[in-house]
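> Quick one: this structure, given as structure tokens, is what I'll be asking you about.
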Amino acid sequence: MLRIAVSLADEPGFYLDGKFGVRLESDLVIVSAETRFDWGARPYLCFAYTTPVPFCRELVDMSLLSPTEVRWIDNFHAECRNVLTKELFAQAARAAGDSEAAQSEDVKRSIEWVIKATEPLCAATHMG
């Protein structure tokens, strides 16, 4: 039964037999949704992503997305950027106390990758 605090995985994928496959796996938890509607004592439910990993831009076909879907991906990527950069900056602060410059360089490269991977999609060309 689906209820608040239940965790599950969303694993949409495409597989071309004998050629390749792609799966975009995300872990989710069910939370209470904030809506303008009322269902008595029972809240509306929605999913919250617990895996802050951006979608691979090369796999996104903008011609198949509605403006609402583009906004959803952009919002998801913004949340990924927020969560991941906060953690990476915390790692950089911990590494600053160490003498290991290589670890600090890894964090810097990771932050650069996160920023690039979470840039908003090119929505202007899709939305006309």
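> Starting from the Cα-Cα distance between Ser7 and Val22, subtract it from 0.36 nm times their residue separation and give me the gain in nm to one decimal.
Once the chain is fully extended between Ser7 and Val22, it gains 3.2 nm.
> Treating only the Cα positions of the chain as identical point scatterers, give the base-10 log of I(q)/I(0) from the Debye formula at each q in 0.21 Å⁻¹.
So the normalised log intensities work out to -1.23.
> Here's another thing I want to ask about it. So how do Met1, Met62 rank on accessible area, 1.4 Å probe, biggest first, that is with the largest at the start?
Met1, Met62
> If you count only protein heavy atoms with a 1.4 Å probe, what accessible area per residue comes out for the chain, rounded to a whole Å²?
75
> Moving on to the next point. Modelled label-to-label distance, Thr51 and Trp39, 7 Å Cα→beta-carbon offset: nm?
About 2.6 nm, to one decimal.
> Place the peptides 37-43, 8-14 in order of packing, highest mean first, counting for every residue the other Cβ atoms within 10 Å and averaging per peptide.
Ranking, from highest mean packing down: 8-14, 37-43.
> Also, quick follow-up: Separation between the Ile115 and Val31 pseudo-spin-labels, each 7 Å from Cα along Cα→Cβ, expressed in nm?
According to this spin-label approximation, the distance is 2.7 nm.
> Accessible area of the chain with a 1.4 Å probe: how many percent of it is carbon plus sulfur?
Summing carbon and sulfur atoms, their accessible area is 57 percent of the total for the chain.
> Under the 0.36 nm per residue contour assumption, what length would be gained going from the current alpha-carbon distance of Asp106 and Val83 to full extension?
6.5 nm
The values are calculated or read from the model by the stated rules, or taken from the named source; none is laboratory data. The structure presented is a predicted model; accordingly, all values stated were derived computationally and were not measured. Backbone-built Cβ (ideal geometry, glycine too); neighbour counts: all protein chains shown. Only protein heavy atoms, including side chains, enter the accessible area calculation; ligands, DNA and RNA are left aside. Shrake-Rupley method; radii C 1.70, N 1.55, O 1.52, S 1.80 Å.
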